[in-house]
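Let me begin by presenting the structure, written as structure tokens, before commenting on it.
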Amino acid sequence: MKIKHIDHIGVAVKSIEQAGKFYTEMLGLGIEDVENVIEQKVNVAFIPITDSEVELLESTDPDGPVAKYIDSRGEGVQHIAFRVENIEEALEELKEKGVRLIDQAPRKGAGGAKIAFIHPKETNGVLVEICER
Ligand code: ZN
């Protein structure tokens, strides 16, 4: 597979409005857009930095994955996403190599991306996403 670059780093936060101030007021970055991803029960704020982004993830539902993450581990870096050229090919390659996946097939992520997660047991505890856009 061809990994192009780090697409984004997902940061679980209780409030985009509160957490976003650090990135905008202290770091001088800009929140480009905030999108509601219904399937994931999150609002996602995109903070672009050259080819990558910080994505602030705010749960819209106490039962959503980000809310559960914050309940058990607190706010902080939740996942790292690598951009691949072709996500279907990347998933096939990972399956052939016996890598455990959370998503067997790509699903729809924020910003119109196709995304899939690798099981954190394969990555020493880091939740790794691959994405294509
Ligand atoms: Zn992501």
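The values are calculated or read from the model by the stated rules, or taken from the named source; none is laboratory data. Keep in mind that this is a model prediction, so the values were computed, not measured. Backbone-built Cβ (ideal geometry, glycine too); neighbour counts: all protein chains shown. For accessibility, only protein heavy atoms count, side chains too; no ligands or nucleic acids. Shrake-Rupley method; radii C 1.70, N 1.55, O 1.52, S 1.80 Å.
Here are the numbers:
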{"read-out": "Largest-first ordering by accessible area, 1.4 Å probe, given options Phe117, Phe22", "value": "Phe22, Phe117"}
{"read-out": "Pairs beyond 25 Å (Cα-Cα), from Lys68/Lys121; Lys14/Lys95; Lys21/Lys41", "value": "Lys14/Lys95"}
{"read-out": "Alpha-carbon centroid distance for the pair segment 91-121 / segment 24-62, whole angstrom", "value": "21 Å"}
{"read-out": "Total formal charge among the other residues, if their Cβ is under 9 angstrom from that of Phe82, Lys/Arg +1 and Asp/Glu -1", "value": "0"}
{"read-out": "Å² per residue, accessible surface of the chain at 1.4 Å", "value": "56 Å²"}
{"read-out": "Chain lengthening between Leu27 and Glu92 when straightened (0.36 nm per residue, less Cα-Cα)", "value": "19.5 nm"}
{"read-out": "Test item: Cα-centred dipole of segment 3-132, Lys/Arg +1 and Asp/Glu -1 on Cβ, debye", "value": "420 debye"}
{"read-out": "Of all accessible heavy-atom area on segment 3-132, the percent that carbon and sulfur account for (1.4 Å)", "value": "51 percent"}
{"read-out": "DSSP bridge pairs, the chain: antiparallel proportion in percent, nearest 5", "value": "75 percent"}
{"read-out": "Estimated inter-spin distance, Asp103 and Asp71, nm [label 7 Å along Cα→Cβ]", "value": "2.3 nm"}
{"read-out": "Charge dipole (the chain, unit charges on Cβ, about Cα centre) - positive-most of Phe82, Ile38, Leu94", "value": "Leu94"}
{"read-out": "0 to 90° range, to nearest 10: angle between helix 87-96 axis and the chain longest Cα axis", "value": "50 degrees"}
{"read-out": "Surface/4 estimate of mean projected area, convex hull on alpha-carbon atoms of segment 3-132, nm²", "value": "7.8 nm²"}
